[in-house]
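Here is the structure we will look at.
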Amino acid sequence: MSEQRDHVRDDGFDDWLDAIENGEPYYLTCSEEHGFLPPRHVCPACGSADVEPAPLPATGTLETFTVTSVSTPTFEDDAPYVVAIADFGPVRFTGLVVERDADDVEIGMTVEPDVVSSETTGERVLAFRWCSTSWCC
Amino acid sequence: MSEVRVAGVGLTPFGEYAERTTRELFAEASASAIDDADVARTDVEEVLYGNFLGELSERQGHQGPLMAEAAGVQAPAARYEAACASGSAPVREAVKRIRSGESDVLLVGGAERMTNLTTGDATEALATAADDLWEVRAGVTFPGAYALMARAYFDTYGGSREALAHVAVKNHEHALSNERAHHQQAIAVSDVLEAPQISSPLGLYDSCPISDGAAALVLTSESYAEEHDLDASVAITGTGQGGDRLALHDREFLARSPATRRAGERAYDDAGISADEVDVAEVHDCFTIAEVLAIEALDLEPIGEGISAARDGRTTIDGDRPVNLSGGLKAKGHPVGATGTAQIAEIAALLRGDHPNSEYVEDATTALTHNAGGTVATAIVHVLEVVA
């Protein structure tokens, strides 16, 4: 199979990573106030086409995590790494937990979103940083 | 509405057969099913076939006609894909067609070739069942996704790796007499706990193997079975499918399986039975935690108590309601596109009395299969009953 062309952006997703990098993270919401991630034309919960961006809460709470030792080839050099799901209120999302030893990661940790580079591919990866104090975020 | 009879079942051994193409695997399974049913190939009206990874593992799309050819059947054919539920999707479709009166004889099945890929490439291929943008690109593997659910379960309901280990031990025990199982090897709780971690808290022995294999069924209408005097005592009396958002983080629950609950409720309603009537079940145990989530969502165990079912003997071979007497995906193996069909083949054999473990469910009349796609964004449940 042929390789995908380099540097073709994914609408919605890459825009969202840009927003995290620019310090202006957002989520999408509808008239019923459901929260969801882009790219979306309609709310996946109620089907409303009234979709607007809204500022993402600055911090989230880590809900669950895993230390992955056996990775796909695209994360080979990153392994072992911690993947987590964090709850930001209107939305949850999944990312790598960085700058924290795997043994110190725990459910309930306060985290902020970030974007890092994969050690294996150099591609951008959604990440969570631990907020050690309330003023850090 | 026409009753759907399981007239014939066929399975290849599940295991590491890297050199066997899916067309060759399906040729074997379909020949067994057609022989078992004792129907003429010319009577087969359509072939419904499940497969997930064909493009990635064999560079082969458009597998429907190829598999009809392999089965020696001149009939229209199509492939069904629902990730790890790819083997149940065509069964559900076949049930609907026979019930509607559109068809009388259908060849249904699935196959997967996986061990010709490296472990890394197979892991990457399987991960395509998750959300590419929001999960795979964040480093989620399939063991990783189920590990996220396992830790969320422990945090919500309690439980431990040791309790999960009993699920693996049970299913390996069940597979000891199943000569087609990928692993016919007893393991101890300590083996599971000491095995290398794949994605904590899940280790190597919490995970099903990467397997090759195929499964096939001949499904007929009741009238065709009677007219042709077929030995088809088992019917598929209920079918149900449930869906959920693709990415785990978009779900309402991280430690429950609503898609399975919806599929189960629909299948129970369709068959006119309750969960209490299920004598034996084959459920999707790609990882040990998956079996726990499945039996809870199917109302075979209360929420939060599925974790102790294997340890306390409720789902073991001599328990009140054995689960995964075939060995399950965990020990029988999980050639993805074949799994759902194989579950039905195993249950039909158990109910007919010609399965190595039939003696443990001698009085069983009602059974259930549960097959999940991805991290259970798709769930398909079937109810099988002895009717003749």
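The values are calculated or read from the model by the stated rules, or taken from the named source; none is laboratory data. If you're wondering where the values come from, they're calculated on a predicted model, not measured in any experiment. With ideal geometry, Cβ positions are generated from the backbone for all residues, glycine too; neighbour counts draw on all protein chains shown. For accessibility, only protein heavy atoms count, side chains too; no ligands or nucleic acids. Shrake-Rupley method; radii C 1.70, N 1.55, O 1.52, S 1.80 Å.
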- Residues (open to solvent by less than 30 Å² (accessible area, probe 1.4 Å), under 16 Å from B:Gly333 (Cα atoms) and hydrophobic (A, V, I, L, M, F, W, C)) located in segment B:1-25: B:Leu11, B:Phe14, B:Leu25
- Taking segment B:343-357 on its own, how many of its residues are farther than 20 Å from B:Leu300 by Cβ and either open to solvent by less than 10 Å² (accessible area, probe 1.4 Å) or assigned to a helix (DSSP H, G or I) (or both)? 3
- Please enumerate the residues belonging to segment A:53-88 that are open to solvent by 40 Å² or more (accessible area, probe 1.4 Å), under 29 Å from A:Arg40 (Cα atoms) and within 11 Å of another protein chain (Cβ to nearest Cβ). A:Glu63, A:Thr74, A:Asp87
- Unmet criterion (only one of (1) part of a loop (DSSP other than H, G, I, E, B); (2) touching a helix residue (DSSP H, G or I) at 6+ places or on another chain (Cβ under 8 Å)) for A:Glu33: (2)
- Query: Of everything in segment B:358-377 that's open to solvent by 30 Å² or more (accessible area, probe 1.4 Å) and in contact (Cβ under 8 Å) with a residue 24 or more places away in the chain, which residue is farthest from the chain's Cα centre (by Cα)?
  - Reply: B:Asp363
- Message: Give me the residue from segment B:124-145 that is open to solvent by 20 Å² or more (accessible area, probe 1.4 Å) and among the β-branched types (Val, Ile, Thr) and, out of that set, farthest from B:His249 (Cα to Cα).
- Response: B:Thr128
- Query: in a loop (DSSP other than H, G, I, E, B) and in contact with a strand residue (DSSP E or B) (Cβ under 9 Å, 6 or more places away or on another chain): does that describe B:Thr316?
  - Reply: yes
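Yes/no per residue for (1) small (Gly, Ala, Ser); (2) free of Cβ contacts under 8 Å to residues at least 24 places away in the same chain:
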| residue | (1), (2) |
| --- | --- |
| A:His41 | no, yes |
| A:Ala45 | yes, yes |
| A:Pro53 | no, no |
| A:Glu63 | no, no |
| A:Ser69 | yes, yes |
| A:Pro80 | no, yes |
- Single unsatisfied condition, B:Arg151 versus (1) more than 12 Å from chain A (Cβ to nearest Cβ); (2) open to solvent by 40 Å² or more (accessible area, probe 1.4 Å): (1)
- If B:Leu219 passes every condition in (1) crowded, with 22+ Cβ neighbours inside 10 Å; (2) more than 26 Å from B:Val4 (Cα to Cα) but one, which one does it miss? (2)
- Are there any pairs, at least 6 apart or on different chains, whose C-beta atoms fall under 8 Å, with the first in segment B:76-88 and open to solvent by 40 Å² or more (accessible area, probe 1.4 Å) and the second among the hydroxyl-bearing types (Ser, Thr, Tyr) and modelled with pLDDT of 95 or more, and if so, which? B:Ala78/B:Tyr49; B:Arg79/B:Tyr49; B:Tyr80/B:Tyr49; B:Tyr80/B:Ser86
- Scanning segment B:173-206 for residues that are hydroxyl-bearing (Ser, Thr, Tyr) and within 14 Å of chain A (Cβ to nearest Cβ), the one least open to solvent (accessible area, probe 1.4 Å) turns out to be B:Ser199
